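Quick notes on the structure that follows.
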Amino acid sequence: MGRLPVQQAPGVRVRHGEVDRHERGEVREVLRGPLGRDAHGRDAEVAAIDLFTEQGYDSTTVNGIAERAGLTKTTFFRHFPDKREVLFAGQEARSRLLFTDDLRAFAPRLLALIADNVELRERAVYERSVLAEAMTDALRKRGVPDVTASLAAELGVRAFHAAYARWADPAEQRTLTDLARDELRELRAATTALG
């Protein structure tokens, strides 16, 4: 089994860098689900996650991903502009599957992969801003004033990500929904305290 130097999420009890192959099997099955990608795109996603976990993000090449997936490099680039996008493409469809309690074990692995790589952290920050912008636009369309819509969206994104990090902790028993509600309550109290 390959080693990956990782920074683990708080409370995650995994031996440094080792990933249970059973967990990878669960990820493989999730990614083969209805993600709106053809089989080649899904195969590349599975291969990339396996390789990122086994040998680290920086050591994984597009050629390696394509080879593991049984694809040519050209076919890989038809689906993804670069290796980073393998983790972020199809995120909306994947999120419907990954936020279920039976796949909770995948969350620490994903957080560790992102935390361990500057490029992936930058992409995650970008994804957060895209989500906040989409939420802001949706609130504006409902007639919420600009400043209120923007602040609500930023707080919502912050609450979600804090809740997700807590949910990834194997010791945490509450649902992601319950944790997100708790985070929103805490943020509401903090903003009230600001006066």
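Here are a few things to note about the model shown:
- Which numbered condition TYR164 misses (of (1) within 20 Å of ARG104 (Cα to Cα); (2) among the hydroxyl-bearing types (Ser, Thr, Tyr); (3) at pLDDT below 90): (3)
- Near pairs, Cβ below 7 angstrom, 6+ apart or cross-chain, from the range 106-123 (closer than 14 Å to ARG84 by Cα) to any residue that is among the aromatic types (Phe, Trp, Tyr) and part of a helix (DSSP H, G or I): LEU113/PHE52; ARG123/PHE88
- Any hit, the range 71-93, residues being out of contact with any helix residue (DSSP H, G or I) (no Cβ under 7 Å at 6 or more places or on another chain), outside the structural domain of ALA168 (by TED's automatic domain parsing), modelled with pLDDT under 50 and of a type in the set (Lys, Arg): no
- Checking each residue in the range 133-161 for being β-branched (Val, Ile, Thr) and within 19 Å of LEU111 (Cα to Cα) picks out only VAL157.
The values are calculated or read from the model by the stated rules, or taken from the named source; none is laboratory data. Predicted model, so just to flag it, every value in this text is computed and none were measured. Every residue, glycine among them, receives a Cβ derived from its backbone with ideal geometry; neighbour counts consider all protein chains shown.
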